[in-house]
């Protein structure tokens with residue numbers, strides 16, 4: 001790692017540093033140490049400043065809806081105002097049962113697709129302990 005990496009905000013864990021190293025190496029081979037530090041800082045800012053959430057709602061008919069958003073409170077309000085998805089519009093009100101925070105949209109999107117493929121009982125294991 002370049003000089004100053006350990007002084008970045010939040011003192012990244014060894015696992016995060018390792019992951020960032022892989023991402024950084026993929027994005028920019030052969031850069032100088034100053035630009036390496038800037039790129040890693042940019043990656044940390046992207047990961048921490050705009051989290052995405054995968055969420056599961058219970059609709060008024062008892063069905064579940066799984067979605068993704070970067071503003072969970074606003075999204076629930078929009079669903080309950082009838083301005084969310086077509087599926088939830090005729091199943092109001094909806095109630096938040098579960099949410100999961102992700103640092104990158106791509107990771108949240110993959111998780112949303114994974115959860116949508118599950119049967120009801122498996123989804124319930126996430127929020128019913």
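Derivation of every value follows stated rules applied to the coordinates shown; laboratory data play no part. Quick caveat, the model's predicted, so the values are computed rather than measured. Note: ideal-geometry Cβ built from the backbone for every residue, glycine included; neighbour counts use all protein chains shown.
Taking other C-beta atoms within 10 angstrom as a stand-in for reagent exposure, 52, 65, 87 fall in the order 87, 65, 52, fewest first. Put in line by how crowded their Cβ is, counting other Cβ atoms within 10 Å and starting with the fewest, 94, 54 read 94, 54.
Full extension of the chain between residue 127 and residue 71 gives 18.2 nm of extra length, using 0.36 nm per residue less the Cα-Cα distance. Listing 76, 113 from fewest to most neighbouring C-beta atoms within 10 Å gives 113, 76.
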